[in-house]
Amino acid sequence: MPNYGTCIHSKAIDIGDVSIYTLYGVERDHFATEIERRTYDYIRRYAEQNNGQAPSYVTVVAEMDGFDYVPGVTDSFEFLVGKLKDAAGKRMYAELFNGGELSKKFAEMTSEEFGNFLLKSVERITIGSNIRTNVPVYVNIKTAHERFLEEFRARKEGTSFRIWRSKFPLINEQIGGYLSSNVYTWYARSGRGKSVVTMEEGIEAAFQGANVLVWALEMSEFEWWARAYSSISARLGTFTANIEGVDYSAGFENKSLLMGRLTGEYEQSLEQFARSLNEIIPGNITLRAADHTDFTDRSIRQLETDIIETKADVVVIDPIYYMDFEANTSKTAGGDVAATSKKLRHLAGRTKTVIHVITQADENGNEKDDEGNRELKPPKRAEIKKTKAVLEDAACVFGIDTLAHEGRGIIEIGKGRNGGEDTRVELLYLPNYGIVRELSEESDSSKFVGNF
């Protein structure tokens with residue numbers, strides 16, 4: 001049986017180029033014997049000291065006692081590295097299953113913890129033995145014109161990516177809607193409507209035919225659905241609500257739904273409405289909520305699984321800081337959230353989804369005047385709490401502020417990769433009746449005069 005590690009070293013020496021190790025992701029631990037590992041170390045060290053040039057076979061044989069140079073290796077690096085990594089993967093599996101660590105973990109951990117340990121171990125071995133892991137795809141824009149035109153045609157036909165329109169017309173006007181493969185970050189201070197506004201965008205996508213996945217990480221199932229029922233029924237103009245002397249097309253009152261206190265007539269309407277949802281909504285909304293007993297894994301891996309299982313087009317994560325964060329390998333403050341944010345960005349691109357992420361803004365103790373009043377003032381980008389990665393990794397960032405007792409709100413585009421920065425969207429904000437929409441008409445503006 002050929003010694004593939006020795007063949008790889010010999011071929012690298014023959015062509016005088018050690019970058020092939022990096023290109024194919026070959027690491028020290030992939031080699032089976034100590035002499036192969038020491039030879040790998042020597043060749044890499046020599047190259048670092050000699051402008052990337054590999055040593056000659058004469059030098060390696062002289063310096064590395066026990067290394068058997070193989071002249072004229074004609075097999076491709078891809079073939080050789082594939083064999084090397086396959087053998088390394090099998091060794092790692094043997095060490096995992098035959099070593100004492102597995103038995104120790106099995107005894108110490110719960111079944112769920114042990115399952116996650118196994119999954120991570122298998123993923124580590126799979127990645128480490130993948131021949132293509134470190135081989136990038138390069139595109140020369142001067143010669144790859146057909147690749148561009150092919151993607152252009154696919155986008156024109158709507159087969160490559162999708163644009164999901166916002167519920168708020170001014171956002172569509174400014175950024176063109178939400179493009180698949182992108183992350184959009186929403187933030188506000190506590191209790192200012194970030195969950196409500198982002199839920200509206202998820203529901204809007206479902207009305208456009210999207211499969212929507214919602215991770216409601218701090219809300220119960222019933223609480224989220226009560227808000228959604230209010231919103232959806234308001235879109236349909238199910239009722240007319242008189243609020244402060246003004247008539248509005250409204251939905252079921254959210255508080256009455258939460259308390260289970262609808263009158264007989266309204267309860268009958270609710271039953272009819274609930275049974276008709278399948279005909280009302282062209283798309284689907286799949287909810288995973290904080291009180292679901294099986295919703296214990298809130299990692300990026302589980303999110304990807306849920307996206308695949310539900311065939312999601314649009315994802316709402318409310319909020320990101322209740323996810324299971326990635327490891328803080330940078331050892332910096334906020335590094336765990338930053339790593340998670342970057343993984344979300346990659347996940348959006350890989351799954352071609354729109355991912356709406358909610359986070360919090362720092363509190364401002366000076367918002368109110370001496371009489372306890374405050375103005376509508378969406379937080380700025382610098383006030384995003386926890387980490388700035390959710391700002392940097394997002395295509396657009398939206399700051400939110402509301403005055404629910406006055407029926408008003410604002411969405412401000414704090415960052416727009418494709419424009420729209422500093423644009424303000426004024427809202428009619430009466431979420432208890434499912435009414436959250438852009439305040440664009442003169443008739444809407446007049447409703448506020450003297451009414452709140």
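The values are calculated or read from the model by the stated rules, or taken from the named source; none is laboratory data. Because the structure is a prediction, the values reported are computed rather than measured. All Cβ positions, glycine included, derive from the backbone under ideal geometry; neighbour counts span all protein chains shown.
Condition check: basic (Lys, Arg), assigned by TED's automatic domain parsing to the domain that holds Asp324 and touching a residue at least 40 places away in the same chain (Cβ under 8 Å). Does Arg261 satisfy that?
Working: basic (Lys, Arg): yes; assigned by TED's automatic domain parsing to the domain that holds Asp324: yes; touching a residue at least 40 places away in the same chain (Cβ under 8 Å): no.
No.
Can you run down the residue pairs with Cβ atoms below 6 Å, 6 or more apart or on separate chains, where the first is in the range 14-30 and free of Cβ contacts under 8 Å to residues at least 24 places away in the same chain and the partner is outside any strand (DSSP E or B)?
Arg28/Arg37; Arg28/Tyr40
Are any of the residues in the range 87-104 closer than 30 Å to Thr296 by Cβ and of a type in the set (Lys, Arg)?
yes
Residue by residue through the range 57-70, note down the ones that are touching a helix residue (DSSP H, G or I) at 6+ places or on another chain (Cβ under 7 Å) and either assigned to a loop (DSSP other than H, G, I, E, B) or of a type outside the set (D, E, K, R) (or both).
Tyr57, Val60, Met64, Gly66, Phe67, Asp68, Tyr69, Val70
Does Val183 count as of a type in the set (A, V, I, L, M), in a helix (DSSP H, G or I) and within 19 Å of the chain's Cα centre (by Cα)?
No; evaluated as a whole, the condition is false for this residue.
Which members of the range 34-56 meet the condition of being modelled with pLDDT of 90 or more, buried (at least 16 other Cβ atoms within 10 Å of the Cβ) and not in a helix (DSSP H, G or I)?
Residue satisfying the conditions is Pro55 alone.
Applying the selection to the range 222-248, what residues are surrounded by 16 or more Cβ atoms within 10 Å (Cβ to Cβ) and among the hydroxyl-bearing types (Ser, Thr, Tyr)?
Correct list: Tyr229, Ser230, Ser231, Ser233, Thr238, Tyr248.
Given Leu287, Leu258, which one is surrounded by 12 or more Cβ atoms within 10 Å (Cβ to Cβ) and assigned to a helix (DSSP H, G or I)? It would help to see each step written out before you state the result.
On the way: Leu287 fails: assigned to a helix (DSSP H, G or I).
Only one candidate passes the filter, namely Leu258.
Of everything in the range 255-276, what is more than 25 Å from Ala404 (Cα to Cα) and touching a helix residue (DSSP H, G or I) at 6+ places or on another chain (Cβ under 7 Å)? Give them in sequence order.
Listed by number, the list holds a single entry, Phe273.
Quick check, is Val70 of a type in the set (A, V, I, L, M, F, W, C) and either buried (at least 20 other Cβ atoms within 10 Å of the Cβ) or touching a Pro at 6+ places or on another chain (Cβ under 8 Å) (or both)?
Against the criterion (of a type in the set (A, V, I, L, M, F, W, C) and either buried (at least 20 other Cβ atoms within 10 Å of the Cβ) or touching a Pro at 6+ places or on another chain (Cβ under 8 Å) (or both)), Val70 does not qualify.
Mind listing whichever residues of the range 22-33 are at pLDDT 85 or above and under 33 Å from the mean Cα position of the chain (by Cα)?
Within the range 22-33, Val26, Glu27, Arg28, Asp29, His30 meet the criteria.
Every residue in the range 215-238 that is among the aliphatic types (A, V, I, L, M) and in a loop (DSSP other than H, G, I, E, B), please.
The answer is Leu217, Met219, Leu236.
Inspect all residues belonging to the range 206-214 and state whether any of them is in contact with a helix residue (DSSP H, G or I) (Cβ under 7 Å, 6 or more places away or on another chain) and in a loop (DSSP other than H, G, I, E, B).
no
Under the condition of being among the basic types (Lys, Arg) and farther than 16 Å from Arg37 by Cβ, which residue from the range 52-90 is farthest from the chain's Cα centre (by Cα)?
That would be Lys83.
What number of residues in the range 90-133 are touching a residue at least 60 places away in the same chain (Cβ under 8 Å) and of a type in the set (A, V, I, L, M)?
Here the count works out to 2.
Can you tell me which residue in the range 382-429 is farthest from Ile320 (Cα to Cα), limited to those that are in a loop (DSSP other than H, G, I, E, B) and small (Gly, Ala, Ser)?
Gly407
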